[in-house]
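Taking it in order: structure first as structure tokens, then the write-up.
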Amino acid sequence: MKNKAISEHISSAIKSGKSILDLEEAREIMELSGIPFNKSGFGKTEDEVVSVANEMGYPVALKIVSPQIVHKTESGGVKLDINSEEEVKFAYREIMKSVKNKVPDAEILGISIDEMVKGTELIIGTTVDPQFGHMIMFGIGGIFVEIYEDVSFRLIPITSGDAKDMLNEIKGRPLLDGARGRPKIDEGQLVDILMKVSELVDKNPDIQEMDLNPLMANESNVVAVDARIILKKSE
Ligand SMILES: Nc1ncnc2c1ncn2[C@@H]1O[C@H](COP(=O)(O)OP(=O)(O)O)[C@@H](O)[C@H]1O
Ligand SMILES: [Mg+2]
């Protein structure tokens, strides 16, 4: 009963007055929805983080997990391409120092240790339009989202035909086909993820906003490496 687990998770968060889910909670809901994520682990102390990274194998990324920190990079909470135990220790200390300095009141739950993934960065998100209701968005993701605003929208729920149309409507469409030396991405997996996000929000309208940014897409895999969920505030 995965749907039940998802809705219980969301209603208990709302009851406890939470509106933003941290990376670990958002990832759990995505995984229950069948949305693929990169391999990851979690550690609370430097020693735990080191041993998880050693077990996972290098390279890894480290990310801060805190309910108050939505934009992790901005607060110095993300370190990429870490290749050894020494680098893990250094990155761990740098993250803690920077986060405490930039967001002194944030509650720090720990650090997510993530496998590094290669591919074209895409975004899937959802919002609520005051007139039309829940909408789903697809586009080129990562750091260029705000600059290009190259996205397509549909009302939720979508069909697989809608999902395919959404891929075709963006200006950056050739990037999906492997333009400029990029991998030709597996569109079947991308359509599947669009459908699953639509279904998740359709069944759980208390999700006010969510995004997978970025999704890393290549020839063989499409996986999310970051997720954000914002819930409706309890009345
Ligand atoms: N596992 C990963 N593999 C490769 N690149 C990653 C990975 N995780 C994050 N990145 C890169 O780092 C950027 C920031 O990380 P992200 O988890 O999205 O944090 P935030 O959006 O909160 O700053 C991503 O947009 C992506 O370019
Ligand atoms: Mg992100």
Within the range 30-65, can you find the residues that are within 16 Å of ligand 2 (Cβ to nearest atom) and buried (at least 19 other Cβ atoms within 10 Å of the Cβ)? MET30, ILE35, PHE37, ALA61, LEU62, LYS63, ILE64, VAL65
Could you tell me which residue of the range 195-215 is farthest from ligand 1 (Cβ to nearest atom), considering only residues that are closer than 27 Å to ALA61 by Cα and crowded, with 22+ Cβ neighbours inside 10 Å? VAL197
Long-range neighbours under 6 Å by Cβ, at least six apart or interchain, first residue closer than 24 Å to LEU200 by Cβ and free of Cβ contacts under 8 Å to residues at least 12 places away in the same chain within the range 138-157, second among the β-branched types (Val, Ile, Thr) and assigned to a helix (DSSP H, G or I): none
Residues in the range 76-97: is at least one aromatic (Phe, Trp, Tyr) and over 24 Å from GLY142 (Cβ atoms)? yes
Scan of the range 8-58 for residues that are among the hydrophobic types (A, V, I, L, M, F, W, C), under 15 Å from the mean Cα position of the chain (by Cα) and more than 21 Å from LEU80 (Cβ to Cβ), ordered by number: ILE20, LEU21, ILE29, LEU32, ILE35
Can you pull out the residues in the range 136-167 that are part of a strand (DSSP E or B) and closer than 17 Å to ASN213 by Cα? ILE136, MET137, PHE138, GLY139, ILE140, VAL151, SER152, PHE153
Within the range 168-180, does at least one residue satisfy the condition of being under 19 Å from the mean Cα position of the chain (by Cα) and crowded, with 16+ Cβ neighbours inside 10 Å? no
First in the range 24-40 and modelled with pLDDT under 95, second anywhere and assigned to a loop (DSSP other than H, G, I, E, B), Cβ under 8 Å, 6 or more apart: GLU24/LEU109
Considering only residues that are within 13 Å of ligand 2 (Cβ to nearest atom) and in a loop (DSSP other than H, G, I, E, B), which ones fall in the range 210-235? VAL225, ASP226
Are any residues in the range 176-209 among the aliphatic types (A, V, I, L, M) and in a loop (DSSP other than H, G, I, E, B), and if so, which ones? ILE185
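The values are calculated or read from the model by the stated rules, or taken from the named source; none is laboratory data. Every value quoted in this text rests on a predicted model; they were computed, and no experiment measured them. In this analysis, Cβ positions are derived from the backbone assuming ideal geometry, glycine residues included, and neighbour counts consider all displayed protein chains.
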